[in-house]
């Protein structure tokens, strides 16, 4: 099965090439077929490889396929090497399966768009880059995939490029993530120059041997890699790009900004967890950032009126949970939540997309309403996904993954109680805003009738993801509910749990009850506040304090305003001052000197014969003088 | 035959040449310019003949012969051009033909 | 013989100076002829009788006559002299005068520094010149004939009146 490894990223790249070169000339059906089939076959390959990994694990529980030597300089020899261990297998399955379902959905969703082949082309490139990222055995190859997904994010956010606002959103996303990418590149260089290799497994081994716990270099490298992860995963302080990235088409938001690209940061931290274990301050920072971000985004989501922005802030919040898990050392819990989040968040986006498209690109939830009779299938899928997001107890995948995170947070040494409390408050908020979304969109009076009949291409992905949003959680259940340890044992060799394996069953069960209670409480509050008696909320927002809070949360706690004042305006001011470009004036001075000399010389071209004769005589005089000297 | 010092004869050639150069630089009438060119050619021919006399060989005179031939052809073409110039500009001012300026 | 040389030299220089300062074209031509004749005498004195004859025949006889014919064709009249008076003011002579003087000074300096041996003297017979022309310099003679042919054709073509011209030179 080793031979199939390269197919997993290569097939989407092949689809990208075909569509890039002759996408315009192919028919819509062919474009859709090439676009979806390439990712679909990649998913099949990933499944086959994973199955054989489970059935007959190789030595070291990982396959390495070296494709070729990338750079062959002295002492620096990164290779194009694919590495598949259980972590990479899980990630590649998530990326390819969810990607395939979303591309299938796009066949009908983007059907009226004239950039149809361009869309599938970019999406294939994205899936290929993401698979390269998760299967990279070499840190430089990972960075290549990292940059590739950043590029595709830019291309796809600004997909409808005719509207300059979309271009601005794409640029904002690119620039903010670039800040993180720069930190990551610095971290890569630090790792490479100090440890002498760019192969990930070799790096981790050498780091644990050469760097003691808490050493300065380990802290620096870990902090820099964390910077990269913060940018890509839209955590504080680099989270401002994600809400604006909703300017792209809904499948893009589903795939890139919910399921895959934003989870690349989580994957990076999990992949280099050895390094983070050697830098406890950084790991604590990861947990704190995760906790603060999940609360930040939860409040912000509560005040949004654009349905996609609610989902964007929700994504930021859920990734905060994953960072929280990583920060307390629960690596496999983080990946578990990553997987279930991919299922229910992309389902939420796809459902929202059906509503948006049906209401002719209407995003404002307050102009929607009463759609549950008009779009019953979508309503069912949306409710399942919202329930999973809220972690409604026992039946949803979200419950089990969030529960795993919360119990690991409780058991952690450094401030675990506070982290767990933050997580519980966050669970309440999550339930509140997600059911607010459901009630505003699907309940109440029907304001606009949707004119969309979802075809097979939409129904199949919605159905598949709904099933996964329910069933996906049963891979890892707490002790009190069946004690299924399939997921963590699968990842055990790669992501060992740093926490004591046997904590009191009672504590775990209590936490589970608390978490379930919080989500049900949120559901009840949402029903009361947004369906039963919406006047309460209106009354609160009418007061001065309420209105100010609402404005603050709507603007994402004012981060955009702050960054504008702190960074953008001074930069623009300096640019305006240097309008004439001081550096450029040196090269302009050369030009000016040239022109001046030319103008001066031009005056000797009088066109008169006598003048030229005089010039000849002068030349003769000088010449003879030189000869005679 | 004369036994004049060679420097004196050559200085005569130099003076005549300088006068011709002066005339080319000063005169605006194109016919005068051509005449001064003839003066210059004549002066250089004189220099050659003096050189031939100094060495007692025919080579100097042969050079003057060629200079003479060349002067004749140059004058004929030059005067034809003067006629064309006059027809075009209606004046013999050599400064009138300064379209190549700048 | 030396006095003949010096007197002809003075005449040549004086008439050349008159050429470049004269306002009327025909008068200048006549002065130029005088200068050429003086130079012919110098040639004779320096033992180049053939060249002296050629100077008179061709330079003064043919080339200057060509000039005279062209002046006749142009038929300028008195307006030309008036124009010349306008053009030749003292300031126009200053710059070129200085340059020409510097050039002359350099030439004189070059001539006086090196020591020159006495000339061999004696006449170089036309026979010797002829032998040299048709001996080592025969290629030059052929080329000279080509130059003359080219000049002939050029002068014929350039001197033609254009078809649309109404007449007059």
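Only one of the numbered conditions (1) surrounded by fewer than 19 Cβ atoms within 10 Å (Cβ to Cβ); (2) within 30 Å of residue C:93 (Cα to Cα); (3) out of contact with any strand residue (DSSP E or B) (no Cβ under 9 Å at 6 or more places or on another chain); (4) within 9 Å of chain C (Cβ to nearest Cβ) is not met by residue B:26, and that is (1). The listed residues are C:64, C:1, and the only one of them that is under 30 Å from residue B:57 (Cβ atoms), modelled with pLDDT under 90 and either out of contact with any strand residue (DSSP E or B) (no Cβ under 9 Å at 6 or more places or on another chain) or facing chain B (nearest Cβ under 7 Å) (or both) turns out to be C:1.
Of the residues making up the range A:2-29, those that are in contact with a helix residue (DSSP H, G or I) (Cβ under 8 Å, 6 or more places away or on another chain) and within 15 Å of residue A:41 (Cα to Cα) number 12. When the range C:82-127 is filtered for residues that are within 7 Å of chain B (Cβ to nearest Cβ), modelled with pLDDT under 90 and either more than 25 Å from the chain's Cα centre (by Cα) or closer than 19 Å to residue A:624 by Cβ (or both), the ones remaining, listed by number, are C:111, C:112, C:116, C:119, C:120, C:121, C:122. Each residue in the range B:37-58 was checked for being crowded, with 24+ Cβ neighbours inside 10 Å and outside any helix (DSSP H, G or I), and 1 pass.
For the range C:128-138, the candidate set comprises residues that are within 7 Å of chain B (Cβ to nearest Cβ) and in contact with a helix residue (DSSP H, G or I) (Cβ under 8 Å, 6 or more places away or on another chain); within that set, the residue that is nearest to residue A:617 (Cα to Cα) is C:137. Looking across A:289, A:319, A:335, one residue alone is in a helix (DSSP H, G or I) and surrounded by fewer than 24 Cβ atoms within 10 Å (Cβ to Cβ). It is A:289. Residues in the range C:43-55 that are within 7 Å of chain B (Cβ to nearest Cβ) and in a helix (DSSP H, G or I) were compared, and the one that is surrounded by the most Cβ atoms within 10 Å (Cβ to Cβ) is C:51.
Looking across the range C:9-36, just one residue is under 21 Å from residue B:70 (Cβ atoms) and more than 8 Å from chain B (Cβ to nearest Cβ), and that is C:33.
Among the residues of the range B:84-100 satisfying the criterion of being within 9 Å of chain C (Cβ to nearest Cβ) and part of a helix (DSSP H, G or I), which is surrounded by the most Cβ atoms within 10 Å (Cβ to Cβ)? This residue is B:86. Touching a helix residue (DSSP H, G or I) at 6+ places or on another chain (Cβ under 9 Å) and at positive phi: is that true of residue C:47 in this structure? Considered against the rule, which asks whether it is touching a helix residue (DSSP H, G or I) at 6+ places or on another chain (Cβ under 9 Å) and at positive phi, residue C:47 comes out as yes. Right, residue A:49: in a helix (DSSP H, G or I), over 24 Å from the mean Cα position of the chain (by Cα) and over 17 Å from residue A:130 (Cβ atoms) or not? The answer is no for residue A:49.
Considering the range A:154-168, and only residues there that are in a helix (DSSP H, G or I) and over 15 Å from the mean Cα position of the chain (by Cα), the residue that is farthest from residue A:112 (Cα to Cα) turns out to be A:168. Counting only residues that are part of a helix (DSSP H, G or I) and within 30 Å of residue C:86 (Cβ to Cβ), the range C:11-42 holds 22 of them.
The single residue among A:380, A:371 that is in a loop (DSSP other than H, G, I, E, B) and touching a residue at least 40 places away in the same chain (Cβ under 8 Å) turns out to be A:371. Given the conditions (1) at the interface with chain B (Cβ under 9 Å from one of its Cβ atoms); (2) over 19 Å from residue B:49 (Cβ atoms); (3) within 13 Å of the chain's Cα centre (by Cα), report the number of the one that residue C:59 does not fulfil. Just one mismatch for residue C:59, condition (2). Looking at the range A:539-622, the helices (runs of 4 or more DSSP H) lying wholly inside it that each contain 3 or more residues that are surrounded by fewer than 12 Cβ atoms within 10 Å (Cβ to Cβ), within 32 Å of the chain's Cα centre (by Cα) and modelled with pLDDT of 90 or more sit at A:569-577. Checked against (1) at pLDDT 95 or above; (2) surrounded by fewer than 21 Cβ atoms within 10 Å (Cβ to Cβ); (3) at the interface with chain C (Cβ under 7 Å from one of its Cβ atoms), residue B:18 meets all criteria but (2). None of B:34, B:81 is in a helix (DSSP H, G or I) and either touching a residue at least 12 places away in the same chain (Cβ under 8 Å) or more than 7 Å from chain C (Cβ to nearest Cβ) (or both) except B:34. The test for being touching a residue at least 60 places away in the same chain (Cβ under 8 Å), surrounded by 22 or more Cβ atoms within 10 Å (Cβ to Cβ) and closer than 25 Å to residue A:267 by Cα does not hold for residue A:67.
The values are calculated or read from the model by the stated rules, or taken from the named source; none is laboratory data. Just so it is clear, the structure is predicted and the values come from calculations on it, not from any experiment. In this analysis, Cβ positions are derived from the backbone assuming ideal geometry, glycine residues included, and neighbour counts consider all displayed protein chains.
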